[in-house]
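Just below is one structure, and these are the notes that go with it.
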Amino acid sequence: MDNLLNLQNLNLSQMILFIIGCIFWLLTYIIYIKNIKSKQFVEIPLIVVSLNIAWEFIWSFPFGSSVGDYMGTSIQIGYSLWFFFDCFIFWGILKYGYKQFQNQFFRDNSKIIAIITVIFGLIFFYTFKNAGYDTEIGTISAYLDNIMISALYIFLFVNQDDKSLFSIQVAWYKMLGTGLISVALVWHWNENYFLMFITTVVLLLDIYYLFIVHKSRKSPI
């Protein structure tokens, strides 16, 4: 059991919160993939997808054993599952990512921007951990990425005319998923005030995004 789920670091309550949060994010990824096929649009911002796949690769493979040692092999497998889901989302970005932009330069060069961002992310997340700035499971870099997710989601939503391209379920699931994981990790690293700060910023951005999505649904067309 210890190999599958290590409760020597996070306690049982923290681990349950973390796993439920991960399940919400897995559901979010499933909706992304479903909507890429049906709407031919990727609602998660291009820069974010590129950084996500870089983070997930780094923490599934080069530092995957660190995750497994700290939390158990089931969590390490979960990180890898996120990565493989993100591969399809990244394919969607390469195919449809240009639709997120109105500026012609960014539309024409969306694939190059996505690939360069992945390369940047791989270097950043790898060196960030090696320099000693991250936890054993990539917590700090994940939340730096998450601030980008939450902020750019708002920017993309506001600048898209067709609000129906964005899912209310995603707005709820990503807020609940990140929120539950945040509670678990802040509870665990309860003296890390920087982590408390960035998780709070992410939560406030997610709440605001949820608010404007719901408000757009109530507005007359």
Yes or no: region 168-181 includes at least one residue that is more than 28 Å from residue 64 (Cα to Cα), modelled with pLDDT of 95 or more, crowded, with 21+ Cβ neighbours inside 10 Å and among the hydrophobic types (A, V, I, L, M, F, W, C). yes
A careful count of residues in region 19-42 that are under 13 Å from the mean Cα position of the chain (by Cα) and among the small types (Gly, Ala, Ser) gives 1
Quick one: is residue 42 in contact (Cβ under 8 Å) with a residue 24 or more places away in the chain and within 15 Å of residue 125 (Cα to Cα)? no
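Specify which of the listed residues (75, 58, 53, 137) is in contact with a Lys or Arg (Cβ under 8 Å, 6 or more places away or on another chain), in contact (Cβ under 8 Å) with a residue 60 or more places away in the chain and closer than 27 Å to residue 4 by Cα.
58
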Only one of (1) part of a helix (DSSP H, G or I); (2) of a type in the set (Phe, Trp, Tyr); (3) in contact with a helix residue (DSSP H, G or I) (Cβ under 7 Å, 6 or more places away or on another chain); (4) closer than 30 Å to residue 13 by Cα does not apply to residue 211, and that is (3)
Apart from one, (1) more than 29 Å from residue 14 (Cα to Cα); (2) touching a helix residue (DSSP H, G or I) at 6+ places or on another chain (Cβ under 9 Å); (3) aromatic (Phe, Trp, Tyr) all hold for residue 194; the odd one out is (1)
Of the residues in region 43-71 that are in a loop (DSSP other than H, G, I, E, B) and under 14 Å from the mean Cα position of the chain (by Cα), the one that is surrounded by the most Cβ atoms within 10 Å (Cβ to Cβ) is 44
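The values are calculated or read from the model by the stated rules, or taken from the named source; none is laboratory data. What you see is a predicted model, and the numbers here were worked out from it, not measured in a lab. Don't worry about glycine lacking a Cβ; one is built from the backbone with ideal geometry, like all the others, and counts go over all protein chains shown.
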